[in-house]
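Here the structure comes first, spelled out in structure tokens, and everything after it is commentary.
The values are calculated or read from the model by the stated rules, or taken from the named source; none is laboratory data. Since this is a predicted model, take the numbers as computed values, not measurements. Every residue, glycine as well, gets a Cβ built from its backbone with ideal geometry; the counts of neighbours run over all protein chains shown. Just the protein is used for accessible areas: all its heavy atoms, side chains included, with ligands, DNA and RNA removed. Shrake-Rupley method; radii C 1.70, N 1.55, O 1.52, S 1.80 Å.
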Amino acid sequence: QVQLTESGGGLVQAGGSLRLSCAASGRTVSPYNSGWFRQAPGKEREFVAAIRWSGAIEYEDSVKGRFTISRDTAKNTVYLQLNNLKPDDTAVYYCAAGPTGRGSSRGSYSYWGQGTQVTVSS
């Protein structure tokens, strides 16, 4: 069993930056694939970014060039750097992991964190 714990959320002004962390405990995240999703009030949870064990990375179109996903396998941690934040980025951000995790496919991930709130003011 893997437990995922997100941190790093907060309140930031438009144009600001945050770095989200997702720490895994219980088992290592390798060779798991990992992803970040977000859910705004009244909306479905949507894909943000993913990194496969192979190192392949995917991004949702609206965050390309602004967000960066990375990982530190020694620390069992996956990161999401959020730059040039916009009010539309306001959401609860969730990390996900699993051996069969595939990019934007929510159902393909076995483990989910509890989420961290990101609020961007205009």
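Numerical summary
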item: Scan of segment 76-122 for residues that are open to solvent by 40 Å² or more (accessible area, probe 1.4 Å), in contact with a strand residue (DSSP E or B) (Cβ under 7 Å, 6 or more places away or on another chain) and on the phi > 0 side of the Ramachandran plot, ordered by number; result: none
item: Hits in segment 93-122 (condition: under 14 Å from the mean Cα position of the chain (by Cα) and without any contact (Cβ under 8 Å) to a residue 60 or more places away in the chain); result: S105
item: Lone unmet requirement of (1) surrounded by fewer than 15 Cβ atoms within 10 Å (Cβ to Cβ); (2) among the β-branched types (V, I, T); (3) at pLDDT 95 or above for T73; result: (3)
item: Condition met for E60 (under 11 Å from the mean Cα position of the chain (by Cα) and among the acidic types (D, E)); result: no
item: Residue satisfying condition, being open to solvent by 80 Å² or more (accessible area, probe 1.4 Å) and either under 12 Å from the mean Cα position of the chain (by Cα) or under 21 Å from T119 (Cα atoms) (or both), within set Q39, Q3, Q13; result: Q13
item: Whichever residue in segment 16-35 is outside any strand (DSSP E or B) and either open to solvent by less than 30 Å² (accessible area, probe 1.4 Å) or farther than 15 Å from S70 by Cβ (or both) and, among such residues, is modelled with the highest pLDDT; result: G16
item: Segment 42-55 - residue that is open to solvent by 50 Å² or more (accessible area, probe 1.4 Å) and out of contact with any Gly (no Cβ under 8 Å at 6 or more places or on another chain) and, of those, farthest from S121 (Cα to Cα); result: S54
